[in-house]
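The values are calculated or read from the model by the stated rules, or taken from the named source; none is laboratory data. On a predicted model such as this, the values are computed, not experimentally measured, just so you know. Please note: Cβ atoms are built from the backbone with ideal geometry, for glycine as well, and neighbour counts cover all protein chains shown.
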Amino acid sequence: MDTLQQFAQTVIQWSALTLLFVIGLLILLTSILYLVDRTQTTHTIRRNYPVVGRFRYWFEHLGTFFRQYFFAMDREELPFNRAERSWVYRAAKKTDTTIPFGSTRQLNIPGDPIFLHSPFPVLVEQATATAPVTIGAGYCVQPYTAQSLIHISGMSYGSISQPAIQALSEGARLAGIWLNTGEGGLSTHHLSGGCDLVFQIGTGKHGVSDAAGKLSEDKLRTIAAQPLVKMFEIKLSQGAKPGKGGILPGDKVTAEIARIRGGIIGQDSISPNAHRDIRSVYDLLQMIQRIRQLTGKPVGIKTAVGQLHFFTSLFGEIQTQGLDTAPDFITLDSADGGTGAAPQPLLDYVGLPLSESLPLVVGLLHEYGLRERISVIASGKLLVPGKVAWAIAVGADFVVSARGFMFALGCIQALQCNKNTCPTGITTHNPMLQRGLVPQDKAIRVANFAHEINHNVSLIAHACGVSQSRALTREHVRIIQYHGKSVPLSELHPLP
């Protein structure tokens, strides 16, 4: 008994000493922070309210997550609300995508589409498969045919992680869709899944540049010799940051990424804001022909829509020089688009949204007689079936999405893409954070998401009385106006 009492007294004494030590340590640390905050001259709040003022930054950081999970309504949050994200998550996991009781979407928001259902919808036995579209037919040695409506937009290795690229590559193969490499060059991880690839040539020409930073024909031929590389896309501008080149923070520039891009480990990889060798419409058409002749594969451009005289000049020059000079496709990015890192003024105020730009450019293609020659790919927040169906009805051949497939990988919209701290391992090169992203499992979700998009767009098409998704036209859509009523899309944006 004496031994037990002695042991208990010892434990109490050590506990008391430990508690005193911890309290003393906290007092010391608080005193140091107090002196630091009181004497620093950079932060007003910390200078006036030492120590406690530091909680402001912590609460500000936590506010993003509290708003997302507790305070924002299902349809309020930006850039993607909870209802949209939830649909993608359920589609990717192949769980029930139906909802009870009624829609939570307001049905009188100006600019939103409403599809006009037929009194005699298409029966299941009358439905047909989505018609494939061939890009570059008659103008390329190796034209490319794709059937799916949705594909994976450009996300470079660097902006997203190795396991994310591997999951996208494998998932794209399972779904029968293409994966755009983004402007960071071609890596072994893009090739690992065996999917079709679109190689993007950005303003920095990563992966296909010579020592002087100019386009290397030898490197281009080497890339084109890869059977999985089906098309080439010249990136003129990006919807989230038109007028600004790619920005990859130094924290993300690993040895492998620096080697692929031709950069320096740990230093920011920043592309020019424009191609130095493309300064006019004439230069652009010359570059398109040069790449197509070197590769034998379809060549297109990606551009955010701003000043429309670019398109009138481009289409007019094509009419002058001939159809063989035209791009095989145009990817229309929009102010709705996203990116890993961009200046806020460009995100907030520059570029047209897709709701305005897609009808305008498709209309111009018809006006100049080029719609059959040039395929149209739409990009910008198209990650739910209704928006994809709208883009097809307006005149797009395909849509591409980056953030939709990021959600399929498990993205929680933590808004840390421009840092190396993504909690889901998608946009970080921290091995500890990447550990949670298992490519084999996420690839299945990528494929599921693509399949569900195609399936649900076909549901809309059948409801409108057409047998397959590509038969949707502007006649099937009305657009809500500011007074709450709607007008036909064909009246709002008539084709020539």
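Of the candidates Gln434, Gln468, Gln440, the single residue that is closer than 30 Å to Gly158 by Cβ and either touching a Ser or Thr at 6+ places or on another chain (Cβ under 9 Å) or buried (at least 21 other Cβ atoms within 10 Å of the Cβ) (or both) is Gln434. Note on segment 135-150: residues that are of a type in the set (Ser, Thr, Tyr) and in contact with a Phe, Trp or Tyr (Cβ under 7 Å, 6 or more places away or on another chain) amount to 0. Number of residues in segment 254-288 that are closer than 20 Å to Lys219 by Cβ and either crowded, with 16+ Cβ neighbours inside 10 Å or of a type in the set (Val, Ile, Thr) (or both): the value is 14. Pro113 satisfies every condition listed in (1) in contact (Cβ under 8 Å) with a residue 60 or more places away in the chain; (2) under 21 Å from the mean Cα position of the chain (by Cα) except (2).
If I ask for residues that are touching a Gly at 6+ places or on another chain (Cβ under 9 Å) and assigned to a loop (DSSP other than H, G, I, E, B), which ones from segment 117-135 would you list? Steps first, please.
Initial filter on segment 117-135 (touching a Gly at 6+ places or on another chain (Cβ under 9 Å)): 117-122, 135.
Selection gives His117, Ser118, Pro119, Phe120, Pro121, Val122.
In the set (1) assigned to a helix (DSSP H, G or I); (2) at pLDDT below 95; (3) hydroxyl-bearing (Ser, Thr, Tyr), the condition left unmet by Ser169 is number (2).
For (1) more than 29 Å from Ile257 (Cβ to Cβ); (2) at pLDDT 95 or above; (3) among the hydroxyl-bearing types (Ser, Thr, Tyr), each residue gets a yes or a no:
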position: Ala393; (1), (2), (3): yes, yes, no
position: Ala396; (1), (2), (3): yes, yes, no
position: Gly404; (1), (2), (3): no, no, no
position: Thr421; (1), (2), (3): no, no, yes
position: Gly425; (1), (2), (3): no, no, no
position: Met432; (1), (2), (3): no, no, no
position: Val446; (1), (2), (3): no, yes, no
position: Ala450; (1), (2), (3): no, yes, no
position: Gln468; (1), (2), (3): yes, yes, no
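Of the numbered criteria (1) in the same structural domain as His483 (by TED's automatic domain parsing); (2) under 22 Å from Asp336 (Cα atoms); (3) among the polar types (S, T, N, Q), the one Ser86 fails is (1). Quick check, is Ala131 assigned by TED's automatic domain parsing to the domain that holds Ala447 and closer than 23 Å to Glu452 by Cβ? For Ala131, the condition - assigned by TED's automatic domain parsing to the domain that holds Ala447 and closer than 23 Å to Glu452 by Cβ - is met. Looking at segment 181-188, is at least one residue in a strand (DSSP E or B) and surrounded by 18 or more Cβ atoms within 10 Å (Cβ to Cβ)? No; the residues of segment 181-188 include none that is in a strand (DSSP E or B) and surrounded by 18 or more Cβ atoms within 10 Å (Cβ to Cβ).
Considering only residues of segment 429-450 that are in a helix (DSSP H, G or I) and polar (S, T, N, Q), which is farthest from the chain's Cα centre (by Cα)? Taking the candidates together, the pick is Gln440.
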